[in-house]
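Trainee: What follows is a single structure, and I will ask about it in a moment.
Derivation of every value follows stated rules applied to the coordinates shown; laboratory data play no part. None of the values given here were measured: they were computed from a predicted structure.
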Amino acid sequence: MDNGDPPLWVRPGRHAPLPDPLTEREMKVLQLLRGSLSRPEIAAELGRSPNTIKTQTQAIYRKLGVSTRGAAITWRLDTGILPPRGRQLHEVTSG
């Protein structure tokens, strides 16, 4: 039986793993997508170029099977893979 904490690569409502799990960098971008930051602001926050963030965002959408930021955020909320605001990502992915 499921303990309520699906692995990072599981789609909500499904038991099959995603064919291509999110990378650590994509997880950081996904975490920032839930806020009001634009892609250029996310790029500045992470010290990357806006084009890199655009590419990573597109990869996130493709891997999750979504086409919008809102759908990616909903996926994140449904799976519970990211920590509540104010907590660090490594607290979720470690251990």
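Trainee: Go through the stretch 65-70 residue by residue and turn each phi into a ³J(HN,Hα) via Karplus (6.51, -1.76, 1.60, θ = phi - 60°); whole Hz please, and just put x for glycine and proline.
Mentor: Ordered by residue, 3J(HN,Hα) equals x, 10, 10, 9, 4, x Hz.
Trainee: So what J values fall out for the stretch 20-27 if you push phi through Karplus, 6.51 cos²θ - 1.76 cosθ + 1.60 with θ = phi - 60°, rounded to Hz, Gly and Pro as x?
Mentor: Values per residue, Gly and Pro as x: 9, x, 5, 7, 4, 5, 5, 4 Hz.
Trainee: For the stretch 50-63, take each phi angle, set θ = phi - 60°, evaluate the Karplus expression 6.51 cos²θ - 1.76 cosθ + 1.60, and give the result in whole Hz per residue in order, putting x for glycine and proline.
Mentor: So the Karplus estimates, Gly and Pro as x, are x, 5, 5, 5, 4, 5, 5, 5, 4, 5, 4, 4, 4, 5 Hz.
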